[in-house]
Every structure is written in structure tokens, then in C-alpha cells.
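Working notes, structure below.
Please treat every number below as a calculation from the coordinates, not as lab data. Being a predicted model, the structure only gives us computed values, none of them experimental. All Cβ positions, glycine included, derive from the backbone under ideal geometry; neighbour counts span all protein chains shown.
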Amino acid sequence: MPSENGWEPARVNAAQCNWVTVPGTNVTLQILKGQPTDVLRAAAADFNAYIEPLRDADSACYTPTNSVPTSNHLNATACDWNWDSHPFHAKGTFNQAQMKTIREMQRFYTQDGLLLLFWAGDWASPIDEMHWQMGYSTYGDPRVQKFIDTKIRPDGFSTFRRGGVVDVPSRATGFTAEVLSEAMGGTVPLSRYAELLPAVKEALRLCDCTTVNRIAMWMAQVGHESAGLKYMEEIADGSAYERRRDLGNTQPGDGRKFKGHGPIQITGRYNHTKVSEWAYSKGLVPSPTFFVDNPRELASDRYGFLGVVWYWTIARPMNSYADAGDLDGATRAVNGGLNGWADRRDRWNRCRALHYDITFEPTEEGFLMALSEAEQREMLDLLRQQAGVRRESSSPLRHLDSTYRNTIAGYSLSADGNVHVLLSYLLAQLGHPPTLSLLNDLANADLSKYPDRADGKNIAKAILTKIQMPSAPTTVVRQAEPEVLPYIPPPTYVPPTPAPQPEPQRQVAAPVRMPAEAPETGLLAEITSLTAQLRGVSETVSKIVQGSDDEE
């Protein structure tokens, strides 16, 4: 049976409540954790300061039993202030000035048309002017959090008649393994939550879960599907999904092979295919069928949360449900029905009660700390563009059937390889001993041991053939050291000494004669000649490679 004001759960236990002291008093209240604590504690402080001093040490919020089955005391979202001394079932218990303040308070506790604080003096029956509760239709409404964020101060007071800067701090000192454990229900050891924390934080960031409602919905849905991150794979063997064409299971064995994987239980061949294609397009996996070929990888710590990100942002508009506080809609989007709704509800409420804040500061000193979150995302996107997105070659000599063959990073590595071939050819021509040794090793490579080096072997043979340096299986060919020409310094210019002249007479100095340039040595000419021979090596390599292809 639902509660009278619509707040869920309709019944709670003491562990789901907070004992809080009303600011400015010694009075304590046992209120439902989360938004009701923030609102009712601040309202009680306003009531005490401006309407009637609180007198009873316990102003009757939570009660485990009640004669009214829908009472809001059963879920700790209602209070009876001064219940032991305020007249009960009596009308007109507040004077005119107090009534004026009550109405002023109610206007203050209204956010964008939503009344957050209901006074039971407005009931026709029963008459209960000491009773205050969370307003109707406030459960799950984002305007409640907006009110808390803008009108309730860090000290618990509201800004009603006080003003003050509202800067609500995180109730947790950052997003730690302890916070994750509390949010998920502590079903695994703290050390396990510490292992998963980086992946969870990254998944929340990629899911754009940066508000209390979004984080709480993520924790509620993922927490239920994985039993608090205890299971990264569906417990059942998947036989029930056999031949489920709605899941894309069209081949024998698909049910077991593509049972629920990952903390949100990605199920079926179709979904595994879509996650693979999406992850590949982001440069996150090596092939567009990665999770189809390796479905259990989607249950690994490394890749498991990719399924959550895909489902949350691509498969379903999960943040729209979170922003609206629509637990039913979110549950149907994940489950297809309302299975496990009560557990998801309890997780949702528990996580909203934590009211922690997740920030994504770098964990170590570094240049990233100087970048905004948007700039960090831009950098990450740039890196993915360079290392994850395949592109067509820009060479005018690319193959006629060329497609998106490589990434920018891959093409850079290819350029490095091509330059090394040319450099090796030039150095071999100059008789560079290490290069000649390398070429002989490659030319005599055992392809049974190095099956991927056939191209290198052919190229090495071509270079050695071109420079007419025969290769031998065991002998390293070394070219004789080139003759070193003696260094002849250019003549030193000594300016002529002018003859002494009489002081009054001046002569123009003879023009300076620069020494003749040193004759060009043969080294530059040799390098120029070698460069021109590059054309020839390309033809030789092509012939040898073509001959190798024909033999195959």
C-alpha cells in the first residue's frame, strides 16, 4: 500500500533513517535519508525560529507502527512538531501572526510551482495542525533537489529570512571505494570495489552521470543487475534465450553463448554485435565483431563497463529517466518489465541519500589539471581519432581497391617503416657494416621460424643484389672501407700591406681578392648518385616480390 504523500518506500526501517539535530535547537528528528532529511530539518529550524519554539526532545517523525496504514510517519517523511504539548485535533491553534508566517514559509518552500512542505492544518479531516510532511507529488521530482541546492545552506538552515550563500558540499570526501561500497550495498569486499572504482568512475563520466539523480539511477540499475557488482555475468546458463529471434539468437547455441554479460547484462547476439560495432567505431576494441567472437570479454573488468556505457547512452535514453526521477521507466528500459523493482527502488533511495558528488580530477599532478573537463574530453576525442578511427591512405599511388585501411597512428608507423627501408639501402651503398650485417641476416632468414618476415627477406635480397653484394648463409659480407681523402685546408687569405703614404694623400684600398673555393669532393656526388638509384631498387623489389607471389 503506498504512502499518503506518495513517497517511496511506503514503509522503512530505522537503518533507512537519519537521527538529526534541528539547527539552533537540542531537538532531534529521525527522518528518511536523502531529500526528506534536508527539507524537513531545515523547515523544523524555520518553524522553531519564526513560528513556535520546539520543545519536545523528539518531535515524532519516524514510527515503525501507526493506526493509519498509509501514514507518512511509517516512511519518516512527516513530523509532529511539539507533538507532546501542542493541542491535538484542535482548530486555530496558531495566532494571526503565526499563520502569516506559516503561509510565508509555504511560499518559500515552493519550487517552480511545486509545494515541498505541506501543513496538515489545511486538511479538512483530520484536524492536525502540529503535523508537517513532504509535499504531494514531490517524490522523484527534480525540483526538490533544485530547491535543496539553491535554498538550503551547508549548516542545515534554509535561506528563509536569513539569506546566506548556498554551497552544499559533498557529504563524502570524494568518490572513494568506501562510497562505492555503500552505494552498491557492500556485497563484495572493499578491496574489490577499489579494483573496480576507476572503471566505474570512467563509465559514469562517459554516461554523463554527473548529477545526484543520474548517479543514483545508474547505481540502482547497474547495482540490481549485478547484485552490487558481485556478478559480471548472468548466473543462469542462457538456455532460456535459445532461438530468441528478438535477441538475434538465430544460430544453435546462441542462447548460452550470448547470455547476459557485463554488470548490466548485455544479452543476445544482436546486442553483442551492436556493442562491438560501437566500441570498434570508438577505437576501443580491435575488430567490429570483437564481442561476438569473444562474448565473455564483455564480462571482464577491462571491457565490462563498455556495455553499460553503450546501453546507457546509445540503446536507451537512460539519463532522461533519471532526470525525471522515473524509476519505473528506467526499470522497464533495462529489464523489459518491473522485475526487481523493490530492490531498484531501495538502491535509488539509498544512493540519493548519500548525496555525494563525483568529480573527475586527475589523481596525479600533471598538465591535465590545467585543463577543463571539456578540454580533457576534447583531448581524449583527438587521441581516439588518431589511434582509433581507420582512414584511407592519402597517397596518389594507393591501391585501386583501397579502403579505410589504417589509423593516423598506423600510417605514421608505416611511414617509419618505409623511411627505414630507404635509409638501409643508402647505408648499404655506402658500405655501412651494421646495415650490411642486418641485410644478410634478413636475406637468410628462416621463414619457418619467422613466417611474418617474408617481405623483409625479399627486400633484403633485392638491396644486396642491387649493390652487387652477394649474400651467404653464414658469412657476413662487409664492404671495404672507402678511401678517405686527405683534408686540404683552403688557402689563408693575407691582405696586402699598403705602402706608407704622405698624410695629406689618401688612396683607395685595393679590391679584396677572395680565395678560390675548395674543389668539390667526390662524397656529395656519390650521395647524389645513390639517391638517383632509388628508382632502380623499387623496380627490383617489385620483381622479386612478384616472383615470390608467383611461386606461391
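In what order do 298, 413 fall by count of nearby beta-carbon atoms within 10 Å, going from fewest to most?
413, 298
Simple spin-label model, 7 Å along Cα-to-Cβ: residue 416 to residue 296 in nm?
Those two pseudo-labels are separated by 3.4 nm.
Largest first, please: the extent of the C-alpha atoms of segment 177-354 along each principal axis, to the nearest Å.
46, 31, 29
FRET efficiency for residue 26 and residue 159, Cβ-Cβ distance as r, R0 = 22 Å, nearest 0.05?
0.40
Given the C-alpha atoms of segment 14-151, compute the convex hull and give its volume per residue in Å³.
113 Å³
Taking N as the number of residues in segment 14-87, what value does Rg over Cα atoms divided by 2.2 N^0.38 Å take?
Ratio of Cα Rg to 2.2 N^0.38 Å: 1.03.
Take peptides 41-51, 112-122 and line them up by average Cβ neighbours within 10 Å, highest first, as a rough protection proxy.
Taking the mean over residues of other Cβ atoms within 10 Å, the ranking is 41-51, 112-122.
Could you tell me what a quarter of the Cα convex hull surface of segment 71-206 works out to, in nm² with one decimal place?
11.9 nm²
Once fully extended, how much extra length lies between residue 449 and residue 65, figured as 0.36 nm per residue of separation less the alpha-carbon to alpha-carbon distance?
The residue 449-residue 65 span can extend by a further 130.3 nm.
What is the Cα centroid distance between segment 266-283 and segment 18-48, reported in whole angstrom?
So the separation of the two Cα centres works out to 48 Å.
Can you return the lysines within cross-link range of residue 257? Criterion is Cα-Cα under 22 Å, with same-chain partners fewer than 8 residues away left out.
230, 274
Apply the Karplus parameterisation 6.51 cos²θ - 1.76 cosθ + 1.60, with θ equal to phi minus 60°, to every residue of segment 333-347 and state each ³J(HN,Hα) to the nearest whole Hz, in sequence, with x for glycine and proline.
With the stated coefficients, segment 333-347 comes to 5, 8, 9, x, x, 10, 4, x, 4, 4, 5, 5, 4, 5, 5 Hz.
Using θ = phi - 60° and the Karplus relation 6.51 cos²θ - 1.76 cosθ + 1.60, list the HN-Hα couplings for segment 270-280 in order, rounded to whole Hz, with x at every Gly or Pro.
After applying 6.51 cos²θ - 1.76 cosθ + 1.60, I find 4, 5, 4, 5, 5, 4, 4, 4, 5, 5, 5 Hz.
Return the distance in nm (one decimal) between the two label points of a simple spin-label model at residue 178 and residue 383, each offset 7 Å from Cα along Cα→Cβ.
3.0 nm
Could you compute the FRET efficiency for residue 125 and residue 192, with r as their C-beta to C-beta distance and R0 at 51 Å, rounded to 0.05?
With a Förster radius of 51 Å, E is 0.40.
For residue 266, what residues show an amide H to amide H distance below 5 Å, using hydrogens built from the backbone and excluding near sequence neighbours?
Amide H to amide H, under 5 Å and 5 or more residues apart or across chains, residue 266 pairs with 261.
Using packing as a proxy for protection, rank 187-199, 454-466 so that the peptide with the highest average count of other Cβ atoms within 10 Å comes first.
Most protected by this proxy first, the peptides run 454-466, 187-199.
Which distance in nm do the two modelled labels at residue 227 and residue 104 give, with both placed 7 Å along the Cα-to-Cβ direction?
For the pair residue 227/residue 104, the computed spacing is 5.7 nm.
Give me the number: length gained by fully extending residue 338 to residue 375, i.e. 0.36 nm times residue separation minus the C-alpha to C-alpha distance, one decimal in nm.
Extending this stretch completely gives an extra 9.3 nm.
By per-residue mean of other Cβ atoms within 10 Å, what is the highest-first order of 84-93, 177-186?
Going by the mean number of other Cβ atoms within 10 Å, highest first, we get 177-186, 84-93.
Got a sec to turn the phi values of segment 297-305 into Karplus ³J(HN,Hα) couplings, 6.51 cos²θ - 1.76 cosθ + 1.60 with θ = phi - 60°, whole Hz, x for Gly and Pro?
Using θ = phi - 60°, the values come out as 4, 6, 9, 8, 4, 5, 10, x, 7 Hz.
Quick query: amide H of residue 18 versus all other amide H atoms, modeled in the peptide plane; which residues come in under 5 Å with a sequence gap of 5 or more or a different chain?
Answer set, sorted by chain and number: 31, 32, 33.
Can you list the lysines whose alpha carbon sits under 30 Å from that of residue 91, skipping same-chain ones fewer than 8 residues off?
Within the straight-line limit of under 30 Å, residue 91 reaches these lysines: 100.
If each residue's Cβ is checked for other Cβ atoms within 10 Å, how do 212, 389 rank with the fewest at the top?
389, 212
Note the full-extension length gain between residue 400 and residue 250 as 0.36 nm times their separation in residues minus their Cα-Cα distance, in nm to one decimal.
50.3 nm is the gain from fully extending residue 400 to residue 250.
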